[in-house]
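See structure below.
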Amino acid sequence: MAFSSNAGKGSAMSEINVTPLVDVMLVLLIIFMITAPQLTHRINIDLPQPNPNTKPPENPPEPLRLTIQADGSLYLNDVPISEAGLKLQLEVYGSKPLDKQPELQIAANDNAQYDVMAHVLADAKSVGMQKIGFRDMDQ
């Protein structure tokens, strides 16, 4: 790009046209002015508040440790159990009042079939188990 005076008609222009740059900057400014207030918008959430009058149970029942292996076999408290037997056990515990009901802690192998987990959760829900949690396999 050569710098010269406008003496010749075929010579290069020495000024940069900044009008398109200003147009782009104004459009970006307007976009940021519109989107910035939306990023700081607060969402009100009604979180449950703790009740200071509620005391935890003094002797909570021992949790049920259910393990689902990769081949689909089930172990309840380290004892092999069938799916039908598990459902019967869960019916016994699910019929108890909530404060006497043990927590069902489920640990599934990474390669376990989702279908087995879905059946276990559906069975636990259908018999009235309220306390269901998940744990790591190595615990």
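Return the only residue of L104, L76 being surrounded by 10 or more Cβ atoms within 10 Å (Cβ to Cβ) and within 14 Å of K131 (Cβ to Cβ).
Every option except L104 fails the conditions.
Could you check P60 against (1) loosely packed, with under 10 Cβ neighbours inside 10 Å; (2) at pLDDT below 85 and say which number it fails?
Of everything listed in (1) loosely packed, with under 10 Cβ neighbours inside 10 Å; (2) at pLDDT below 85, P60 misses just condition (1).
For residues that are closer than 29 Å to D99 by Cβ and of a type in the set (S, T, N, Q), scanning just the range 21-57, find the one that is modelled with the lowest pLDDT.
Only one residue tops the list, namely T54.
Which count do you get for residues in the range 114-139 that are outside any helix (DSSP H, G or I), within 21 Å of the chain's Cα centre (by Cα) and free of Cβ contacts under 8 Å to residues at least 12 places away in the same chain?
The qualifying residues number 0.
If we scan the range 13-20, do we find a residue that is modelled with pLDDT of 85 or more, part of a helix (DSSP H, G or I) and not small (G, A, S)?
Yes: one or more hits.
The values are calculated or read from the model by the stated rules, or taken from the named source; none is laboratory data. This structure is a prediction, so every number in the text was calculated from the model and none was measured. So basically every Cβ, Gly included, is an ideal-geometry build from the backbone, and we count neighbours across all protein chains shown.
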